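Visitor: My structure is below; once you've seen it, I'll send some questions.
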């Protein structure tokens, strides 16, 4: 067993776990944070996306002990049922959640993606890497391509992201 110290949703947490325990399993089974979902367990669907030091990561592909001292934000840390984040509220308004299974990963990924855009990070479809990329539907589709929605709520997810981005400006 290995002791790992994490800051989860702005709270210091400590776990004793096998060093082979994934961050996803640590969140769900050791810390009872079940908002983050286990989808494919291969890093292909994005259902397990959380923020590690502000950057999106697939929690199924990384070991909890590798994040000793890190700040991890899960869907539970972005908002509450009584105080949704602007992105969460936009997902509700635009019905971007359908069955809801992928929604925590989608929202965590979109939260980090909006920060990447604000910092001027180009994507594979950014035409001019010398200037800040405009947040177009094509940019969003490329940047969110690691998050699969089996219900195909993509048009609504894109509308929610665009609304949150406009409100943030």
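Visitor: For the range 78-111, list residues with backbone N below 17 Å from a point placed 7 Å from the Cα of residue 121 toward its Cβ?
Guide: The answer is 105-111, whose backbone nitrogens lie closer than 17 Å to the label point.
Visitor: Roughly how many whole Å is it from the C-alpha centroid of the range 105-169 to that of the range 18-72?
Guide: The distance from the Cα centre of the range 105-169 to that of the range 18-72 comes to 22 Å.
Visitor: Considering only DSSP beta bridges whose two residues both sit in the chain, what percent are antiparallel, to the nearest 5?
Guide: 90 percent
Visitor: Given the rule -39500 (n - 2.57) for each run of at least 4 DSSP H residues, summed and divided by the residues of the chain, what is its mean residue ellipticity at 222 nm, to the nearest 500 deg cm²/dmol?
Guide: Value at 222 nm, helices only, nearest 500: -8500 deg cm²/dmol.
Visitor: Still on this model: Mind sorting out which of [x] 56; [y] 50; [z] 65 is the real percent of Cα pairs over 20 Å apart computed from the coordinates?
Guide: [y]
Visitor: Among DSSP bridges having both ends in the range 2-77, what percentage is antiparallel? Round to the nearest 5.
Guide: That works out to approximately 90 percent antiparallel.
Visitor: Could I ask something else about it? Nearest 10 degrees is fine. How inclined is helix 154-168 to the longest principal axis of the chain, computing both from alpha carbons?
Guide: Between helix and principal axis, roughly 90 degrees.
Readers should treat all values here as calculations from the given coordinates under stated rules, not as data from a laboratory. The model shown is predicted, which means the values in this text are computed figures rather than measured ones. With ideal geometry, Cβ positions are generated from the backbone for all residues, glycine too; neighbour counts draw on all protein chains shown.
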